[in-house]
Amino acid sequence: MPKQIRGVHHIILTVADPDRSDAFYRRILGVEIGGGNENVRWISCDNFLLAFQRAPHQPIPNDRFDENRIGLDHFAFAVDSRKQLEDLLILLKEMNIPTAGIEFDPDGKEEYVCFRDPDNIQIEFYVGDYHD
């Protein structure tokens, strides 16, 4: 087994409405390539797939994401510049998505924008890569 992974192959999020999540992430990420069916939708993010699936079993009524449960806390997409964060803020405002604006991570020493998707999953757009 290799000791070094090459990257992320795919991320699958269990969501209330795969079509709604598909539309949200396509707009936020500016992605056009994707597909799926009534239970799962996916989009190509160049070097990995991001998929949205309906709960495989009976979901908890009106369930929302909560990072205080075991599992995912949040995920972050890397961007190249502060300008991309500024452009994202314009889009988030158009979509009426609340955000604290551009913030600074004292641990990672970079700027980022944090917001929530339609299922309350926290997303960050972060300047630079983890190894910068």
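The values are calculated or read from the model by the stated rules, or taken from the named source; none is laboratory data. The structure displayed is predicted, hence computed values, not measured ones. Glycine gets a Cβ as well: all are built from the backbone with ideal geometry, and neighbour counts include every protein chain shown. Heads up: the accessible areas ignore ligands, DNA and RNA and are worked out on the full protein's heavy atoms, side chains in. Shrake-Rupley method; radii C 1.70, N 1.55, O 1.52, S 1.80 Å.
Looking at R82, is it touching a residue at least 24 places away in the same chain (Cβ under 8 Å), touching a strand residue (DSSP E or B) at 6+ places or on another chain (Cβ under 9 Å) and over 26 Å from V40 (Cβ atoms)? So that I can check it myself, show each step before the final result.
Details: touching a residue at least 24 places away in the same chain (Cβ under 8 Å): yes; touching a strand residue (DSSP E or B) at 6+ places or on another chain (Cβ under 9 Å): yes; over 26 Å from V40 (Cβ atoms): yes.
Criteria met by R82.
Checking the condition at pLDDT below 95, hydroxyl-bearing (S, T, Y) and in contact with a Pro (Cβ under 8 Å, 6 or more places away or on another chain), which residue from S44, S21, S81 passes? Full working, then the answer.
Values: S44 fails: in contact with a Pro (Cβ under 8 Å, 6 or more places away or on another chain); S81 fails: in contact with a Pro (Cβ under 8 Å, 6 or more places away or on another chain).
Just a single option satisfies the conditions, and that option is S21.
Taking into account only those residues within segment 19-41 that are in contact with a Phe, Trp or Tyr (Cβ under 9 Å, 6 or more places away or on another chain) and farther than 20 Å from H74 by Cβ, which is most open to solvent (accessible area, probe 1.4 Å)?
Here the answer is D19.
Given segment 57-132, what strands (runs of 3 or more DSSP E) lie entirely inside it while holding 1 or more residues that are more than 23 Å from P18 (Cβ to Cβ) and touching a Leu at 6+ places or on another chain (Cβ under 6 Å)? Outline the logic, then answer.
On the way: elements: 74-79, 102-105, 110-116, 122-127.
In segment 57-132, the matching strands (runs of 3 or more DSSP E) lie at 102-105, 110-116.
D87 passes all but one of (1) under 14 Å from L29 (Cβ atoms); (2) open to solvent by 50 Å² or more (accessible area, probe 1.4 Å); (3) in contact (Cβ under 8 Å) with a residue 24 or more places away in the chain; which number fails?
Of (1) under 14 Å from L29 (Cβ atoms); (2) open to solvent by 50 Å² or more (accessible area, probe 1.4 Å); (3) in contact (Cβ under 8 Å) with a residue 24 or more places away in the chain, only one is false for D87: (3).
Look through segment 92-112, keep the residues that are among the acidic types (D, E) and in contact with a strand residue (DSSP E or B) (Cβ under 9 Å, 6 or more places away or on another chain), and return whichever of them is least open to solvent (accessible area, probe 1.4 Å). Break it down stepwise before answering.
Taking segment 92-112 as the starting set, the residues that turn out to be among the acidic types (D, E) are 94, 103, 105, 107, 110-111.
Right, trim to in contact with a strand residue (DSSP E or B) (Cβ under 9 Å, 6 or more places away or on another chain) and you get 103, 105, 110-111.
Numbers: E103: 61, D105: 36, E110: 58, E111: 54 Å².
By that ranking, first place goes to D105.
Tally the residues that are aliphatic (A, V, I, L, M) and open to solvent by 40 Å² or more (accessible area, probe 1.4 Å), restricting the search to segment 42-84.
Step one: list which residues in segment 42-84 are aliphatic (A, V, I, L, M), which gives 43, 49-51, 55, 60, 70, 72, 76, 78-79.
If we keep only those that are open to solvent by 40 Å² or more (accessible area, probe 1.4 Å) as well, we get 49, 60, 70, 72, 76, 78.
Residues that pass the stated criteria total 6.
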